[in-house]
Amino acid sequence: MSPDQENNPAKAPLAPPPGPGVASPPVDEPTSPVAPPPPKPSQQGPAAVTPTGAPTGAPPEAMAQQGEYLTTSQGARLRDTDHSLRAGPRGPVLLQDHHLREKITHFDHERIPERVVHARGTGAHGVFVANGKASKICRAAFLGKGVETPVFVRFSTVVGFRGSSDTVRDTRGFATKFYTSEGNYDLVANNIPVFFIQDGIKFPDIVHAAKPHPDTEIPQAQSAHDTFWDFVSLHTEAQAHVAWQMSDRAIPLSFRMMEGFGIHTFRMINDAGETSLVKIHWKPHQGVHSQVWEETQMTAGADPDYHRRDLYDALDAGAYPSWDLGLQVMPDSPDETFEGIDLLDPTKIVPEELCPVQVVGTMVLTHRPTNFFAETEQVMFNPGHLVPGIDVTNDPLLQVRLFSYIDTQLTRLGGPNFSQLPINRAHCPVNDMFRDGFHQHAVHGGVAPYRPNSLDGGNPAEADDDSGAFIDVPTRVEGAKVRELSASFDDHFSQVTLFVRSLSPVERQHLARGYTFELGKCYEESIRTRQLQCLANIDADLCAEVARGLGLPVPEPTIPPRADVEPSPALSQVGERWPVIGRKVAIVVDATSSPADVEGIRQAVIDAGMVPFVTAPSGGRLGEVVVDRTFLTAASVEFDAALLVTSPEPAPDAVPTFDAKAGQSTTGLPVDPRVVKLVAEMFRHCKAIGAASDAAPVLAAAGVPEDAPGVVSGEPAALVAELVELLAGHRVWERFPATA
Ligand code: HDE
């Protein structure tokens, strides 16, 4: 009997079964079981209640796994889950093995359909704190001064399957569930402020066009293919979104560094019943940053989970990402326009210069989900999850979304009771009189789930203004029943011109390359030519550059050029200075490096709010410093900047045993080619490089001039300060144009 069994009689071996055959020796548990961790408070919904408000007695944590012993789903303790019940050790498996059948049946059904769009997502919990400035125009309780509201955010790509890569060129979803005291409010936003289509009836068309080809299921998570460009070049209202998608916005560096846009105009109502038309924004405190195109492709290979990992690394490092929630507030005029812009057209923005974004609160993400499936996969968002004070408008895209999001869950989450899943449960009392259906978790009391009733004491009561009822604004509706949009939706190009002209030269260069790359992947020349025709209507220079790259003639515009379009500087990502919190710095060391210097630099990087990654020829420790990456596992695309703490001569306190066999480099060469590659790539991608000691041989081997912009050298402490300066501008833009 093993010591474990002695201490735990429940694990004592059984007597051998009667009959022929030898019982297998009992297998010890690899680890001693302990009680499972309880769900976090943020995971627990309110206790289920009866229609009259009485608790059912089931605590929220009853949903989680409990107890020390392995059991069946019915709670019977099991003595062996490693062997099926067989007619002798060499015989067939018995149909009566109820544990085997239950285990395999559950496994067979573990996968649920992935989302038809936004399948690949990453979630995080956090909190939103309002500053109260919205209360003038919106009576929602969660926007009241100082009110703290728990949130769950799911970031996503749109087109790729659930297992696709994070860093593809695509729009990103940015959906936030606010668990407010007045019910859940979902802000189901994107990182691009305009959409492909103006009327939701066309959503299946754009999605079919963007998804892989039906015959080959190629390409995965890409818009660089014929069906996508066929649709968007024929369907010119898509051109606004396409321009954003070909820009750096569609290749974000991190979820933490994306803006979010509610796209549609919403109607907000204050305590006095006054209404405003509002566009909703998320503004990241980390800045708005993108990868360069070559980085996205390298990352997709080196780390397909790059964005997911980046978010979780930052949360684990305590570099909590945060965003301001901002509103553009416009008068609720009868024609629902502002400065000539139709506020119901989801392919149009309101430039921030015309209507500034006013900050009404801040969201901080603080921790990752405990369980991916239970939370990130089972969460469901719906633009119709509104709270009193926020109402919809007649935007024809939004109106269709109001139908689609509940409908899709019936298949994806297998029935109508998805609101009872822990991640979806409201954190305020719910008394909806909904009953039964697949996967009903609540044990409802009472006999009268209808209104009016006398048998359940007339409960539940209907609310009014004083008791916080939802407000449907009585907007006027009139007109003939038609299948058409108003004429103001017909301008498909002027705002695309505005976007292109608002970009800095380097961003325009990236934009032209984005178009040229994607159209270069189209087989049909007629599609490329048709898209060039659209570009001719947007911007002559952009069209000429893309045409040159494709080797096709430059078409004449079919509409008069718009000389009057004013750029909106707020649309450019370049030029601003940003805090460097959470930026990632590779500290490259080898056997020559001084452990004291390395520790000093590491600490200085942390003190500046950045995340250090000590990168060394092999794993283990350099003195007391733990190695985070080896030259084998590190990839340049992981880092925003590099600090080289290597030199031709060993430092006086260099650790002779650290990688001593190979000297400075595990390859046996004086300068490790993997470091050379890392430095060369970071230089090409216009990242800051600091040399804390005489790293001249590495820089020379990487082809990096020591006096190039963004390449700095000196004492460790001063170097970190210089890196902070360089990273505040994100990249060393002077080094562009580059091949990346
Ligand atoms: Fe969505 N969208 N959408 N969408 N959308 C979905 O809902 C749909 C649109 C957005 O992390 C689906 O539960 C239609 C605009 C995000 O779970 C689906 C139309 C915007 C997410 C759906 C739109 C979005 C979705 C897929 C046009 C930006 C991910 C699974 C009428 C404002 C939410 C699901 C998450 C998800 C339909 C247009 C953002 C099928 C019909 C515009 C962030 O219901």
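Taking +1 at the Cβ of each Lys and Arg and -1 at the Cβ of each Asp and Glu, which of 626, 480, 609 sits farthest along the dipole of the chain towards its positive end, judged by Cα position relative to the Cα centre?
626
Report the one residue of 551, 689, 433 whose Cα lies farthest in the direction of the positive end of the charge dipole of the chain (charges on C-beta: Lys and Arg +1, Asp and Glu -1; origin at the Cα centre).
In the chain, that residue is 433.
Report, for the chain, the % of DSSP beta bridges that are antiparallel, rounded to 5.
Close to 80 percent.
May I ask you to derive the FRET efficiency for residue 717 and residue 224 from their Cβ-Cβ distance with R0 = 56 Å, giving the value to the nearest 0.05?
It comes to 0.75.
For the residues 78, 719, what sequence is obtained by ranking on other C-beta atoms within 10 Å, fewest first?
78, 719
What does the helix-only formula give at 222 nm for the chain: each DSSP H stretch with n ≥ 4 adding -39500 (n - 2.57), the total divided by the residues, and the result rounded to the nearest 500 deg cm²/dmol?
-7000 deg cm²/dmol
Cross-link list 133/584; 133/202; 584/677; 283/687; 136/177: which exceed 29 angstrom alpha carbon to alpha carbon?
Details: 133/584 35 Å; 133/202 37 Å; 584/677 18 Å; 283/687 24 Å; 136/177 23 Å.
Pairs exceeding 29 Å: 133/584; 133/202.
Give me the number: length gained by fully extending residue 406 to residue 435, i.e. 0.36 nm times residue separation minus the C-alpha to C-alpha distance, one decimal in nm.
Net length gain for the segment: 8.8 nm.
As an exercise, take the mean of 1/r over every pair of distinct alpha carbons in the chain, invert it, and state the Kirkwood radius in angstroms.
So the Kirkwood estimate lands at 29.3 Å.
Please compute the length gained on full extension between residue 359 and residue 302, using 0.36 nm multiplied by the number of residues separating them and subtracting their Cα-Cα distance. Before the final figure, lay out each step's value.
Values: separation 57, 0.36 × 57 = 20.52 nm, distance 3.78 nm.
Extra length available between residue 359 and residue 302 comes to 16.7 nm.
Assuming R0 = 25 Å, can you tell me the calculated FRET efficiency for the pair residue 504 and residue 283, based on Cβ-Cβ distance, to the nearest 0.05? Intermediate values should be presented prior to the final figure.
Working: r = 19 Å, r/R0 = 0.76.
Efficiency, from the Cβ-Cβ distance: 0.85.
Per residue, how big is the convex hull around the C-alpha atoms of region 446-495? Give it to me in cubic angstrom, could you?
233 Å³
Report the label-to-label distance for residue 447 and residue 270 in nanometres (one decimal), using points 7 Å from each Cα along the Cα→Cβ vector.
Spacing of the two 7 Å Cα→Cβ label points: 5.0 nm.
Filter the GluC sites (Glu not before Pro) in region 576-632 to those in DSSP coil with at most 10 other Cβ atoms within 10 Å of their Cβ, and list the result.
Loop-located and lightly packed - 624.
Can you put 179, 312, 450 in order, fewest other beta carbons within 10 Å first?
Ranking 179, 312, 450 by Cβ neighbours within 10 Å, fewest first, gives 450, 312, 179.
Sort out for me the Cα centre separation of region 333-396 from region 124-188, rounded to whole Å.
9 Å
Please arrange 263, 406 by how many other C-beta atoms lie within 10 Å of their C-beta, fewest to most.
Listing 263, 406 from fewest to most nearby Cβ atoms yields 406, 263.
Only sites in a loop by DSSP and with at most 14 other Cβ atoms within 10 Å count here; which chymotrypsin sites (Phe, Trp or Tyr not before Pro) in region 513-583 make the cut?
Passing sites in region 513-583 are 523.
Arrange the peptides 426-432, 274-280 so that the one whose residues have, on average, the most other Cβ atoms within 10 Å appears first.
Packing proxy ranking, top to bottom: 274-280, 426-432.
Taking region 584-735, how much of its Cα-Cα pair set, in percent, is spaced more than 20 angstrom apart?
Counting pairs separated by more than 20 Å, the tail of P(r) holds 40 percent.
Could I have the simple spin-label model distance between residue 521 and residue 475, label points 7 Å from Cα toward Cβ, reported in nm to one decimal?
3.8 nm
Between residue 564 and residue 294, how high is the FRET efficiency from 1/(1 + (r/R0)^6) when r is the Cβ-Cβ distance and R₀ = 41 Å? Nearest 0.05.
Result of the calculation: an efficiency of 0.65.
For region 464-540, which GluC sites (Glu not before Pro) are both in a DSSP coil and crowded by at most 16 other Cβ atoms within 10 Å?
Answer in residue order: 478, 484, 524.
Read the figures in this text as sums done on the coordinates, not as results from a lab. Keep in mind that this is a model prediction, so the values were computed, not measured. Note that each Cβ is placed from the backbone with ideal geometry, even for glycine, and that neighbours are counted across all protein chains shown.
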